[in-house]
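Have a look at the structure below, then the notes.
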Amino acid sequence: MEGAHLGEAQVRERLAKRVADLSSDVSVDAALVAQEVVRFAARSDISEETVRFRAHVAQWTSLSASPEPCGRKLDFLLQEMNREVNTMGSKAD
């Protein structure tokens, strides 16, 4: 998880530099900038997807360890895992 924090710090640093650069060029409403930063952070947050993906992995482990046939369930679960990974990829910087 430490790598995620490092990436977050780098994004914050780049964003802060960009905001400072833009602010020096034009008159900027600080509240509007803060609002945009919050929106950006919310759009790039992958914590929900990570939690769901880990739950899918746990369910996969449980299903595959079961003596019951589970091919269709695993197929469906794999589709859900793929959706989570795609969402994380589109949100990640």
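Some values worked out for this structure:
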| read-out | value |
| --- | --- |
| Cβ pairs under 7 Å, 6+ apart, first in segment 71-84 and within 16 Å of Thr50 (Cβ to Cβ), second surrounded by 14 or more Cβ atoms within 10 Å (Cβ to Cβ) and of a type in the set (Lys, Arg) | Glu84/Arg52 |
| Within segment 45-56, considering residues that are open to solvent by 60 Å² or more (accessible area, probe 1.4 Å) and of a type in the set (Asp, Glu), the one nearest to the chain's Cα centre (by Cα) | Asp45 |
| Residue selected from segment 58-93 under the condition acidic (Asp, Glu) and assigned to a helix (DSSP H, G or I), by the criterion surrounded by the most Cβ atoms within 10 Å (Cβ to Cβ) | Glu84 |
| Segment 29-44, residues that are open to solvent by 70 Å² or more (accessible area, probe 1.4 Å) and either touching a residue at least 40 places away in the same chain (Cβ under 8 Å) or not in a helix (DSSP H, G or I) (or both) | Asp29, Arg43 |
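The values are calculated or read from the model by the stated rules, or taken from the named source; none is laboratory data. Not measured: the values here are computed from a predicted model. Using ideal geometry, Cβ is built from the backbone for each residue, glycine included, and neighbour counts are taken over all protein chains shown. Accessible surface is based on the protein model in full, side chains and every heavy atom, while ligands, DNA and RNA are left aside. Shrake-Rupley method; radii C 1.70, N 1.55, O 1.52, S 1.80 Å.
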